[in-house]
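Following: one structure in structure tokens, then a few remarks.
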Amino acid sequence: MFWGLTAVVLALISVPSIEWVETLRDYARFAEGWEPAPLKPTRTTFTPRESLGAPEEEPALVPVEFRHKAVRAKSVELVGDFNAWSPGLLKMRRNARGTWSIVVPVPPGPCKYLYLVDGEPELDTETGTADGPERRRVSERNVK
């Protein structure tokens with residue numbers, strides 16, 4: 001009983017000591033010129049502005065749910081005029097039935113977008129189409 005209790009106390013005492021030793025090692029490496037690993041990049045979004053002139057009142061953003069059925073897809077992303085057509089910013093989540101979805105705040109009015117299914121562009125079959133960037137046909141929905 002005594003040795004078991006002694007082992008537990010020594011184990012509990014050594015945990016903070018190990019942390020202190022690691023901290024001192026990190027500080028010594030830093031003082032010698034070692035730099036820690038850079039921070040991981042964060043995800044940012046971009047909403048293009050129509051004019052850079054006098055500030056206008058921003059329209060209220062409306063949360064819109066985008067859904068796309070792609071049962072065999074490994075990844076689905078959403079690109080559109082609301083994120084400057086930049087892939088990698090809006091990755092969609094898959095449910096058990098193979099439907100991918102995401103909710104994105106967009107300004108009211110016409111909204112042009114595409115789904116990138118495993119990197120390949122696909123139109124939304126539930127909405128109409130319009131001309132998009134590079135004269136490509138894109139999906140369009142009117143947000144109210």
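General remarks:
- Answer from Lys40, Lys74 - the residue that is in a loop (DSSP other than H, G, I, E, B) and modelled with pLDDT of 65 or more: Lys74
- Residues (assigned to a strand (DSSP E or B) and among the polar types (S, T, N, Q)) located in segment 92-144: Thr99, Ser101, Thr129, Ser139, Asn142
- Checking each residue in segment 77-89 for being closer than 19 Å to Asp131 by Cα and in a loop (DSSP other than H, G, I, E, B) picks out Ala84, Trp85, Ser86, Pro87.
- Every pair of residues 6+ apart whose Cβ atoms lie under 6 Å, when the first sits in segment 132-144 and is more than 21 Å from Leu61 (Cα to Cα) while the second is among the aromatic types (Phe, Trp, Tyr): Pro133/Trp85
- Residues that are of a type in the set (D, E, K, R) and modelled with pLDDT of 75 or more were ranked within segment 1-28; the one that is nearest to Phe82 (Cα to Cα) is Asp26.
The values are calculated or read from the model by the stated rules, or taken from the named source; none is laboratory data. These figures come from a predicted structure and were not determined experimentally. All Cβ positions, glycine included, derive from the backbone under ideal geometry; neighbour counts span all protein chains shown.
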